[in-house]
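J.: The structure is given below, and queries will be raised subsequently.
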Amino acid sequence: MLDKTVYLDNAASTRLDERVLDAMKPYYFDTYAVATSEFGYSMGIDAKEGLESARATISSFLGATADEIVLTSGETESSNMAIKGVASALTKKKGNHIIVSKIEDFPVLNTARALEKQGYKADYISVSPEGVLDLEELESAINENTTLVSIQHANQEIGTLQDLKAIAEICKEKDVLLHTDATHSFTRVPIDVSKIPVDLVTMSAHTIHGPRGVGALYIREGTPIHKWMDGGFQESNRRAGLENIPGAVGFAKAVELVTPEENKFLASLRDHTIKRAEEEVPHVTLNGSRHQRVPQNANVTFHYVEGESMTLHLDMRGFAVSTGSACFSRSLEASHVIMGIGGNHERAHGSLRFSFGRYNTMDDVDGIIDAVKEIVAQLRAISPLYEKNK
């Protein structure tokens, strides 16, 4: 048992960087006024300057302008705002048809399902066994009633990256708006909206060592979208509610702290995990693309064992990871992502997601793979399924 937990579930949420907290503190204790116009009082003006500086920093990492960024409470709100806001703005003008992939994260997937209950039509596009979108199916699914396509940049479970440029070019040619959920790729993989014609981009601070409860939605200038929340005139009258200035400042600081060197190191942890798992544990399957994936994700199925059993055994040894097993989640179903790439329940139930962050080391990787080897051997020794198939 380790003295402290080795946390390898950074795709779920990350440890806050102390430097982020230091940047936020003044906006809790010194410059704590609401943001005011240039004709307001000094503290409110300073608060407004902090807010707009944060917006500019976040936008710069997308190649966007500051006024194209709406600050939100996180990934779920941003994706809901994008999909429902555009759908409601274009339904009468164009139609009621939207398109998403089968392996989207729940803020997109369940928003599409909610719209279906309101009379919208949705197509769910297939992906390859590596999780790559079927571009031909996407192109053929777009019709004269399609208002929006929503395809994630990187998958939350298996880490596969989509060819966003190719998807965006199809949508542009078909005159359809494109939203992408970049929660798991923003700052980790470059996205330049001045070169890629994507119209809306979801971002969140909690996956890059920023504060929870704050995110952003990039909205390309001229994109038709209805106001998301009624109330005041905040966020250029697109999202009402008192601005979370400390959160915005923390988000911006988290963005600034991500470096190419850090991303390269995360990729080395990912590759080392995959290499050792495949070489040292029999009967494993890498989930997701081997080459077209984010640097911080490795997802492996260890066949003939249950993911929740491995997770619990690892927890007792001081390691935190997640699994695609239904028992681990709050759902009654196995991972829709593993099932969506052609996997079965056994593959989903035996999967472990290792997701890395700033505070992980190569020793963490070696430690957890050593533990996984022992645990898998122990569990397979008492598994009738393994005895039957080995």
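J.: With a 1.4 Å probe and every protein chain kept in, tell me what percent of the accessible surface of segment 259-389 is carbon plus sulfur.
T.: So the carbon and sulfur contribution to the accessible surface is 55 percent.
J.: Probe radius 1.4 Å, ligands and nucleic acids ignored: give me the carbon and sulfur share of the accessible area of segment 18-257 as a rounded percent.
T.: 51 percent
J.: Enumerate the calculated ³J(HN,Hα) couplings along segment 99-111 in order (Karplus 6.51 cos²θ - 1.76 cosθ + 1.60, θ = phi - 60°), each rounded to whole Hz, writing x wherever the residue is Gly or Pro.
T.: Values, residue by residue: 10, 9, 8, 6, 10, 4, 6, 4, x, 8, 4, 6, 5 Hz.
J.: Next up: For Ala122, enumerate residues with amide H under 5 Å from its amide H, sequence gap 5+ or separate chain, H modeled in the peptide plane.
T.: Ile98
J.: Could I ask something else about it? What residue among Glu173, Glu139, Glu346 shows peak mean-square fluctuation when the chain is described by a Gaussian network model with Cα springs under 10 Å?
T.: It is Glu173.
J.: Going by alpha carbons, how many degrees (0 to 90, nearest 10) lie between the helix axis of 164-173 and the longest principal axis of the chain?
T.: It works out to around 50 degrees.
J.: A further question follows. Can you work out the accessible area per residue across the chain, with the rest of the protein chains kept in place, probe 1.4 Å, in square angstrom?
T.: Here the per-residue accessible area is 44 Å².
J.: I need the calculated FRET efficiency for the pair Lys93 and Ser268, taking r as the beta carbon distance and R₀ as 35 Å, to the nearest 0.05.
T.: In this case the efficiency is close to 0.10.
J.: Of Lys102/Lys253; Lys92/Lys172; Lys92/Lys174; Lys4/Lys253, which ones are farther than 22 Å apart at the Cα?
T.: Over 22 Å Cα-Cα: Lys102/Lys253; Lys4/Lys253.
J.: With just the Cα atoms defining each centre, how far is segment 176-214 from segment 76-107? Give it in Å.
T.: So the two Cα centres are separated by 16 Å.
J.: Test of the criteria: in segment 1-80, which trypsin sites (Lys or Arg not before Pro) are in a DSSP loop and have at most 13 other Cβ atoms within 10 angstrom of their Cβ?
T.: Lys4, Arg15
J.: What is the chain's relative contact order, in percent, from Cα pairs under 8 angstrom and six or more apart in sequence?
T.: Rounded, it is 21 percent for the chain.
J.: Spin-label point model (7 Å from Cα, Cβ direction): what's the His226 to Asp315 distance in nm?
T.: Result for the modelled spin labels: 4.1 nm.
J.: Per-residue ellipticity at 222 nm for the chain, helices alone: DSSP H runs ≥ 4 residues times -39500 (n - 2.57), over residue total, nearest 500 deg cm²/dmol?
T.: -12000 deg cm²/dmol, from helical runs alone.
J.: What chymotrypsin sites (Phe, Trp or Tyr not before Pro) in segment 233-272 are in a loop by DSSP, with at most 16 other Cβ atoms within 10 Å of the Cβ?
T.: Passing sites in segment 233-272 are Phe233.
J.: Using alpha carbons only, how many degrees (0 to 90, rounded to 10) separate the axis of helix 75-90 from the longest principal axis of the chain?
T.: Between helix and principal axis, roughly 50 degrees.
J.: Only bridges with both residues in the chain count here: give the DSSP antiparallel percent, nearest 5.
T.: Taking every DSSP beta bridge within the chain, about 55 percent pair in antiparallel fashion.
J.: Starting from the 7 Å offset along Cα-to-Cβ, what nm value, one decimal, do you get for the label separation of Leu242 and Glu256?
T.: With each label point 7 Å from Cα toward Cβ, the separation is 2.5 nm.
J.: Loop-only chymotrypsin sites (Phe, Trp or Tyr not before Pro) in segment 1-79, please: DSSP not H, G, I, E or B, and at most 14 other Cβ atoms within 10 Å.
T.: Answer in residue order: Tyr32, Phe39, Tyr41.
J.: To the nearest 10 degrees, how steep is helix 307-316 against the longest Cα principal axis of the chain, on a 0 to 90 scale?
T.: 90 degrees
The values are calculated or read from the model by the stated rules, or taken from the named source; none is laboratory data. No experiment lies behind these values; they were computed from the predicted model shown. Don't worry about glycine lacking a Cβ; one is built from the backbone with ideal geometry, like all the others, and counts go over all protein chains shown. SASA here: full protein model, heavy atoms, side chains in, ligands and nucleic acids out. Shrake-Rupley method; radii C 1.70, N 1.55, O 1.52, S 1.80 Å.
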